[in-house]
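Take a look at the structure below.
The values are calculated or read from the model by the stated rules, or taken from the named source; none is laboratory data. Keep in mind the model is a prediction, meaning the values are calculated, not measured. Because the Cβ atoms are built from the backbone with ideal geometry, glycine has one as well, and the counts that use them run over all protein chains shown. Accessible surface areas use protein heavy atoms only, side chains included; no ligands, DNA or RNA. Shrake-Rupley method; radii C 1.70, N 1.55, O 1.52, S 1.80 Å.
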Amino acid sequence: MKILVPVKRVVDANVKVRPRADETGVDLANLKMAMNPFDEIAVEEAVRLKEKGVATEIVVVSCGSPASQETLRTALSVGADRAILVDCGDTELQPLAVAKLLKAVCAAEQPQLVIAGKQAIDDDANQVGQMLAALQGWSQATFASRVEIAGNSAKVTREVDGGLEILEVPLPAVVTADLRLNEPRYAKLPDVMKAKKKPLDTRTPADLGVDITPRLKTLKVSEPPRRQGGGKVADVADLVNKLKNEAKVI
């Protein structure tokens, strides 16, 4: 079984981001970049499935600028076999465009399973996995906390508001990884060196026949308003008065 894992290059989760002075976007100058944390979990799950003998090949793909090669090499160092970079230059990629690019890659690679992070921490869209499944006409299971492959189906335990839900979906399928699916491993130095020799192909949206022109326009990016400090009240009557007349919540 071949598994395809999309990965995205984002600002490191430990870095605090700020909007640009003109509020046209996020200031990325001199910020540390890394693989999206949920994508790390997806790569780890694919590697574990290969170690169990379920999967035979893991292909990682990233849509973005040439700098995304670093992210792909990171995935190769933890166990992926091949990498594909869809070089989109500096074009702003939106979820539908990414889903269409991945659909074209799936048509070429013919994977039986796509494991993706449930969302990217930069835009928090949580749309690509669902859009890809819809475009492909495949079954999908989102927010997975456990994945088991048996024959031509996948049993996925997913996290919902009320607890856990267990689904069985036929392959091929799209599964999106949640935080508790696994704990990603650290790449060993010898594996990092070996990853430099693993194949990494580069394609363009034109090669895949996909139009990635943005369909949405970002009007403004700003920080949330600062929270006001708390205050003391003299008694219950004063508290009720403030809740009724100032906060207007009762």
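Structure values in brief
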item	result
Meets criteria (over 16 Å from the mean Cα position of the chain (by Cα) and closer than 16 Å to residue 4 by Cβ) for residue 67	no
Close pairs (7 angstrom Cβ cut-off, 6 or more residues apart or separate chains): open to solvent by less than 100 Å² (accessible area, probe 1.4 Å) in the stretch 220-241, assigned to a helix (DSSP H, G or I) anywhere	233/239; 233/242
Residues (open to solvent by 10 Å² or more (accessible area, probe 1.4 Å) and either closer than 23 Å to residue 156 by Cα or of a type in the set (Ser, Thr, Tyr) (or both)) located in the stretch 90-110	91, 103, 110
Looking only at the stretch 1-48, and only at residues there that are closer than 21 Å to residue 128 by Cα and of a type in the set (Asp, Glu), the one that is modelled with the lowest pLDDT	12
Breaking point among (1) modelled with pLDDT under 95; (2) buried (at least 16 other Cβ atoms within 10 Å of the Cβ); (3) over 23 Å from residue 63 (Cα atoms), for residue 185	(2)
Members of the stretch 152-167 that are farther than 15 Å from residue 179 by Cα and either part of a loop (DSSP other than H, G, I, E, B) or acidic (Asp, Glu) (or both)	152, 162, 165
Close pairs (6 angstrom Cβ cut-off, 6 or more residues apart or separate chains): of a type in the set (S, T, N, Q) and open to solvent by less than 50 Å² (accessible area, probe 1.4 Å) in the stretch 148-172, in a strand (DSSP E or B) and at pLDDT 90 or above anywhere	153/168; 153/170; 157/145; 157/146; 157/164; 157/166
Selection status of residue 191, within 18 Å of residue 95 (Cβ to Cβ), out of contact with any strand residue (DSSP E or B) (no Cβ under 9 Å at 6 or more places or on another chain) and of a type in the set (D, E, K, R)	no
When residues of the stretch 128-161 are limited to those that are within 19 Å of the chain's Cα centre (by Cα) and β-branched (Val, Ile, Thr), the one nearest to residue 174 (Cα to Cα)	142
Residues of the stretch 189-208 that turn out to be over 22 Å from the mean Cα position of the chain (by Cα), open to solvent by 70 Å² or more (accessible area, probe 1.4 Å) and either under 24 Å from residue 101 (Cβ atoms) or in contact (Cβ under 8 Å) with a residue 24 or more places away in the chain (or both), as a count	4
Residue check, residue 133 free of Cβ contacts under 8 Å to residues at least 24 places away in the same chain, out of contact with any Asp or Glu (no Cβ under 9 Å at 6 or more places or on another chain) and under 23 Å from residue 83 (Cβ atoms)	no
